[in-house]
1. Looking at the range 56-79 only, could you name the residues that are in a helix (DSSP H, G or I) and more than 17 Å from residue 36 (Cβ to Cβ)?
2. Can residue 89 be described as surrounded by 15 or more Cβ atoms within 10 Å (Cβ to Cβ) and within 30 Å of residue 36 (Cα to Cα)?
3. So residue 113 clears everything in (1) modelled with pLDDT under 95; (2) closer than 30 Å to residue 36 by Cβ; (3) surrounded by fewer than 16 Cβ atoms within 10 Å (Cβ to Cβ) except one condition, right? Which one?
4. Before we move on, is residue 104 at pLDDT 95 or above and surrounded by fewer than 16 Cβ atoms within 10 Å (Cβ to Cβ)?
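The values are calculated or read from the model by the stated rules, or taken from the named source; none is laboratory data. Here the structure is a predicted model, which is why all the values come from computation and not from measurement. A quick note on method: Cβ atoms are made from the backbone with ideal geometry, for glycine too, and the neighbour counts reach across all protein chains shown.
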């Protein structure tokens with residue numbers, strides 16, 4: 001047998017192994033995919049309830065996987081429900097709760113002595129830049145401008 005035939009045989013064996021690894025049925029990793037609009041709505045409503053009632057949005061390190069585990073759904077289902085029924089992805093969704101809470105703190109009076117950075121931290125943002133960008137995207141003005149406008153009213 002010549003070395004060329006051995007090399008061709010090993011190459012074909014390698015290609016077959018790669019193909020099998022990529023396309024074989026996944027045992028034990030089946031994901032129950034929810035495509036039904038009604039089921040996704042149920043997941044979304046449970047997500048809203050959990051985030052609102054438990055104030056999950058205040059957790060700076062909140063991840064989609066944490067939320068999905070708490071809701072007993074997989075990440076894909078929770079993500080699809082958020083994408084379908086909110087105005088954006090997971091981060092934008094969580095930030096919308098944080099922004100609403102920050103508006104309360106910026107205008108509530110008892111937090112007037114807090115800096116903008118302290119308000120951002122209190123609302124679950126991990127840094128000032130993320131807070132400013134999310135706030136301005138949501139309201140069209142900076143937190144400082146918002147606070148000044150509300151205090152002058």
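1. So the first thing to find is which residues in the range 56-79 are in a helix (DSSP H, G or I), and the list is 56-58, 64-71, 75-79.
If the condition is that a residue be in a helix (DSSP H, G or I) and more than 17 Å from residue 36 (Cβ to Cβ), then 56, 57, 58, 64, 65, 66, 67, 68, 69, 70, 75 are the ones that fit.
2. Working: surrounded by 15 or more Cβ atoms within 10 Å (Cβ to Cβ): no; within 30 Å of residue 36 (Cα to Cα): yes.
It is false that residue 89 is surrounded by 15 or more Cβ atoms within 10 Å (Cβ to Cβ) and within 30 Å of residue 36 (Cα to Cα).
3. (2)
4. Values: at pLDDT 95 or above: no; surrounded by fewer than 16 Cβ atoms within 10 Å (Cβ to Cβ): yes.
Against the criterion (at pLDDT 95 or above and surrounded by fewer than 16 Cβ atoms within 10 Å (Cβ to Cβ)), residue 104 does not qualify.
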